[in-house]
Amino acid sequence: MQFKLKANDLGSKARAGTITTDHGSIETPIFMPVGTIATVKGVHQRELKEEINPDIILGNTYHLYMRPHTDILQKAGGLHKFMNWDRNILTDSGGYQVYSLSANRKIKEEGVKFKSHIDGSYHFFTPEGVMDIQRQIGADIIMAFDECTPYPCDYNYAKRSMHMTHRWLERCLKRFHDTPPLYGYEQTLFPIVQGSTYKDLRQQSAEYIANAGAPGNAIGGLSVGEPAEEMYAMTEVVTAILPEDKPRYLMGVGTPINILENIALGVDMFDCVMPTRNGRNGMLFTAHGTINIKNKKWEDDFSPLDEMGITWVDTAYSKAYVRHLFSVNEMLGRQIATIHNLGFYLWLVREARKHILAGDFTSWKNQMVKQMDKRL
């Protein structure tokens, strides 16, 4: 993997760059649609490629390990072939799922024992095992195994967890370097900065991760319930330490406003279930604010879903029609909302890139944040 910086914004830490892997170029800043179980929910790969048009999508190690299981993925020739996706894929290592399964897991130095959310069976993830699983899945960018701490989190727990995540990283790196990729293209491992919302821990972790010398780095353990101001503060601490010549990935973030503010702090890569999950629940993100399409006010509004027309659904359907689809629980409504939201998120990061390259990102960002912070 290679990363080249194209431009830096003079009024902030925002950057525009290009990541190149064996599956093509990724222009940053980038938003990665979440395809947890080998599908971006409700979206055909054709629509994903032609309408939403991301350079990279995300899959999840825990969920793909559970279903369809890695033996099926290996027989298929890896996740790209299994789901018919010829662009980049990143896999999250499962650390967040370990966090979310808090009632059904036990963490120790060796790894994590957890109970399946599907059938109650027990499984054990180790740093080495997670590297092997991600080799079998075959994503272009894979994540180190970490523990994602909750919010709020006791300082001593956060400190112990951070040091364990660092020890796990050493084991991940060793296993990764001791095993070859399986499908004829290279994979890249990103370590993850932890430390909860404690500045000194985030500094320690960022320094440790920077010294690991990986081709890219991630920031984990944010967007887990903390106020946005704390997220921004921790991101700023970390991006000041992580190498400038390597991409920075802020995991699980966030709203359109969160994304713009974190781009301004020097983040290059994002993922979040918000555009898909919220879309399925009737929330549409637009450049002028959010729409709850289930509200009665849209019942006789025959204007286009979004006059900006970023994706084909925006001008093909009216607000009244999409509201009707939700009111009768028709799955087409959820599909339309998902395509719209993902299209908007990709438009937003690409506009951010254009303004970084043009040199007016900060003023544009401030205007967009003000515009989007409304309920329509």
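Within the accessible area of the range 125-259, the carbon and sulfur atoms contribute 52%, probe 1.4 Å, all protein chains present. Using the 1.4 Å probe convention, the accessible area of the chain works out to 41 Å² per residue with neighbouring protein chains retained.
With only Cα atoms counted, the range 76-118 has Rg and Dmax values of 14.5, 38 Å. Please check: in the Gaussian network model of the chain (C-alpha springs, under 10 Å), which one of 65, 185, 232 has the largest mean-square fluctuation. Sorting by GNM fluctuation, first place goes to 185. Other residues whose C-beta falls under 11 angstrom from the C-beta of residue 101 contribute a net charge of +4, scoring Lys and Arg +1 and Asp and Glu -1.
The alpha carbon gyration tensor of the range 1-88 gives principal lengths a ≥ b ≥ c with a/c of 1.5 or higher and a/b greater than b/c, which makes the shape prolate.
Over the range 254-376, the reciprocal of the mean inverse Cα-Cα separation, the Kirkwood hydrodynamic radius, stands at 14.8 Å.
Remark on residue 17: its backbone amide H falls under 5 Å from those of 6, 28, a criterion applied only to residues 5 or more positions apart or on other chains, H modelled at 1.01 Å from N. Pairs of Cα atoms nearer than 8 Å and 6+ residues apart set the relative contact order; for the chain it is 19 percent. By accessible area, using a 1.4 Å probe on protein heavy atoms only, the range 274-361 has 51% of its surface on carbon and sulfur. Note: relative contact order over the range 230-285, using C-alpha pairs below 8 Å and six or more positions apart, is 35 percent. Sequence-distant contacts, meaning Cα pairs under 8 Å at least 6 residues apart, place the relative contact order of the range 294-376 at 21 percent. Considering only Cα atoms, the convex hull volume of the range 1-154 works out to 156 Å³ per residue. For the range 16-80 and the range 308-376, compute the distance between their C-alpha centroids and round to whole Å. Each part reduced to its Cα centre gives a spacing of 21 Å. What net charge is computed for the residues neighbouring residue 58, neighbours being all others with C-beta under 10 Å from the C-beta of residue 58, Lys and Arg scored +1, Asp and Glu -1? Charge balance in the 10 Å sphere: -2.
As I understand it, the value is the acute angle between the Cα axis of helix 155-178 and the longest principal axis of the Cα atoms of the chain; what does it come to in degrees, rounded to 10? The angle comes out near 80 degrees.
The count of lysine pairs in the range 183-322 that are at least 8 places apart or cross chains, and whose C-alpha atoms lie under 24 Å apart, stands at 4. Sorting 359-365, 266-272, 85-91 by average packing, meaning the other beta carbons within 10 Å per residue, from highest down gives 266-272, 85-91, 359-365. Relative to the 2.2 N^0.38 Å rule of thumb, the chain has a C-alpha radius of gyration ratio of 0.97.
The values are calculated or read from the model by the stated rules, or taken from the named source; none is laboratory data. Since we're looking at a predicted model, the values are computed, not measured. Heads up, the Cβs are rebuilt from the backbone with ideal geometry, glycines too, and the neighbour counts pull from every protein chain shown. For accessibility, only protein heavy atoms count, side chains too; no ligands or nucleic acids. Shrake-Rupley method; radii C 1.70, N 1.55, O 1.52, S 1.80 Å.
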